[in-house]
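Heads up: the structure comes next, in structure tokens.
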Amino acid sequence: AAPKPLAGRHALVTSGPTHEPIDPVRYIANRSSGKQGHAVAAALADLGARVTLVTGPVTLSDPSGIETIKVETAAEMLAACRRALPADIFVAAAAVADWRVAGEADRKLKKDGGLPPPLRLAENPDILATLAAAGPDRPHLVIGFAAETNDVVAYARAKLARKGCDWIVANDVSPATGTFGGDSNTVHLIRRDGGEEAWPPLAKAEVARRLARAVAARFAPAAP
Ligand code: C5P
């Protein structure tokens, strides 16, 4: 049988976008297929972890053998993550909307021939920063993602510090790379302790397998 170095560990993974309602029929959202986050969840499970996947709306099917919790908004995603604690590993791969609509309408807004309705936005909670600062509930290894279009490593390192995470997976999402919705990804793995690896362009599933192996190595018992 394949080795299960993460047996006995609980991994919590967020994936997909969040949808923030404007009214019952409209929303604002980030662009995210959920492919990378779902692949990370599957790769951690393959190495024996018990995985809880908290996902926003995606067209992917639920990975088998993984408890999958479906949410719509950032507030729901944060609440579901808190309920899933304690966890040894937290991977924040979701593209969480930074803002929600303040005072969402409970009825469909109508075009009445006048001016379009103004959208007032309110800031959403930062799920990664919140769990990274969760005191005794903080997962032992907190991993964020950083999508950047330029100066990828420098911005990602600043993000790692700002959000209090241990590792950050930084990827270049400038349009020429085709990362969004595509099947491949070119990433850097940046660790708080200074280590930094540039990975070649890889299928998202392979990025996930490498990340899961790095996680397993981090939890491996020290050699006697
Ligand atoms: O600041 P930015 O959105 O670029 O950070 C990306 C990282 O933070 C990702 O790991 C994402 O899942 C996480 N994040 C979050 N909650 C937010 C915004 C981002 O968990 N509200």
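The values are calculated or read from the model by the stated rules, or taken from the named source; none is laboratory data. Just so you know, these numbers come straight off a predicted model, no measurement behind them. Glycine gets a Cβ as well: all are built from the backbone with ideal geometry, and neighbour counts include every protein chain shown. Accessible surface is based on the protein model in full, side chains and every heavy atom, while ligands, DNA and RNA are left aside. Shrake-Rupley method; radii C 1.70, N 1.55, O 1.52, S 1.80 Å.
So what is the orientation-averaged projected area of the stretch 38-112, using the convex hull of its C-alpha atoms, in nm²?
Values: hull surface 27.0 nm².
That works out to 6.7 nm², a quarter of the Cα hull's surface.
Quick one: accessible area per residue over the stretch 49-178, 1.4 Å probe, rounded to a whole number of Å²? The partial results should precede the final answer.
On the way: 7100 Å² over 130 residues.
On a per-residue basis, the stretch 49-178 sits at 55 Å².
I need the trypsin sites (Lys or Arg not before Pro) found in the stretch 133-224, filtered to DSSP loop residues with at most 15 other beta carbons within 10 Å of theirs. Walk me through the numbers on the way to the answer.
Numbers: sites: Arg157, Lys159, Arg162, Lys163, Arg191, Arg192, Lys204, Arg209, Arg210, Arg213, Arg218; in loops: Arg192.
Passing both the DSSP loop test and the Cβ count: Arg192.
When the chain is fully extended, how far beyond the present Cα-Cα distance does Asp137 get from Trp99, taking 0.36 nm per residue of separation?
Numbers: separation 38, 0.36 × 38 = 13.68 nm, distance 2.57 nm.
Length difference between fully extended and current span is 11.1 nm.
Distance in nm between label sites at Ser184 and Asp62, each 7 Å beyond Cα in the beta-carbon direction?
Rounded to a tenth, the inter-label distance reads 3.3 nm.
Under the rule of -39500 (n - 2.57) per DSSP H run of 4 or more residues, summed and divided by the residues of the chain, what mean residue ellipticity at 222 nm is obtained, to the nearest 500 deg cm²/dmol? Don't jump to the answer; show the numbers that get you there.
Details: 5 runs with 57 residues, N = 224.
My calculation for the chain gives -8000 deg cm²/dmol from helical runs alone.
Relative to 2.2 N^0.38 Å, what does the C-alpha radius of gyration of the chain come to as a ratio? Two decimals please. Before the final figure, lay out the partial values.
Working: Rg = 18.2 Å, N = 224, 2.2 N^0.38 = 17.2 Å.
So the Cα radius of gyration is 1.06 times the expected 2.2 N^0.38 Å.
Report the residue, chosen from Val96, Val51, Val152, that carries the largest GNM mean-square fluctuation when the chain is represented by alpha-carbon nodes joined by springs under 10 Å.
Maximum fluctuation in the GNM of the chain, among the listed residues, is at Val152.
For a quick check of your reading of the filter: which trypsin sites (Lys or Arg not before Pro) in the stretch 1-82 sit in a DSSP loop and have no more than 10 other Cβ atoms within 10 Å? Let's see the in-between values first.
Working: sites: Arg9, Arg26, Arg31, Lys35, Arg50, Lys70, Arg82; in loops: Arg9, Arg31.
When the trypsin sites (Lys or Arg not before Pro) of the stretch 1-82 are filtered for loop state and at most 10 Cβ neighbours within 10 Å, Arg31 remain.
Just to confirm the number: angle between the C-alpha axis of helix 35-46 and the first principal axis of the chain, 0 to 90 degrees, nearest 10?
Value to nearest ten degrees: 30.
Of the candidates Thr177, Thr59, Thr130, which one comes out as most mobile in a Gaussian network treatment of the chain with C-alpha springs shorter than 10 Å?
Thr59
Among Gly114, Gly48, Gly103, which one shows the highest mean-square fluctuation when the chain is modelled as a Gaussian network with alpha-carbon springs under 10 Å?
Maximum among the listed residues: Gly114.
So if we plug the beta-carbon distance of Thr177 and Asp112 into 1/(1 + (r/R0)^6) with R0 = 45 Å, what FRET efficiency do we get, rounded to 0.05? Could you put the intermediate results ahead of the total?
Working: r = 43 Å, r/R0 = 0.95.
In this case the efficiency is close to 0.55.
Output ³J(HN,Hα) for the stretch 72-86: one whole-Hz value per residue in order, computed from phi by the Karplus curve 6.51 cos²θ - 1.76 cosθ + 1.60 with θ = phi - 60°, and x for Gly and Pro.
My calculation for the stretch 72-86 gives 10, 9, 4, 4, 5, 5, 4, 4, 5, 5, 4, 5, 7, 5, x Hz in order.
Distance cut-off 24 Å, Cα to Cα: go down the list Lys70/Lys204; Lys35/Lys159; Lys35/Lys108; Lys159/Lys204; Lys70/Lys110 and report the pairs above it. The partial results should precede the final answer.
On the way: Lys70/Lys204 21 Å; Lys35/Lys159 22 Å; Lys35/Lys108 32 Å; Lys159/Lys204 22 Å; Lys70/Lys110 29 Å.
Check vs 24 Å cut-off fails for Lys35/Lys108; Lys70/Lys110.
Could you check how much of the accessible area of the chain is carbon and sulfur, as a whole percent, using a 1.4 Å probe? Each step should come with its number before you reach the end.
On the way: 6190 of 11660 Å².
Result for the chain: 53 percent of the exposed heavy-atom area is carbon or sulfur.
Any chance you could check the Cα centroid distance between the stretch 1-48 and the stretch 146-206 for me, in angstrom?
Distance between centres, Cα-based: 17 Å.
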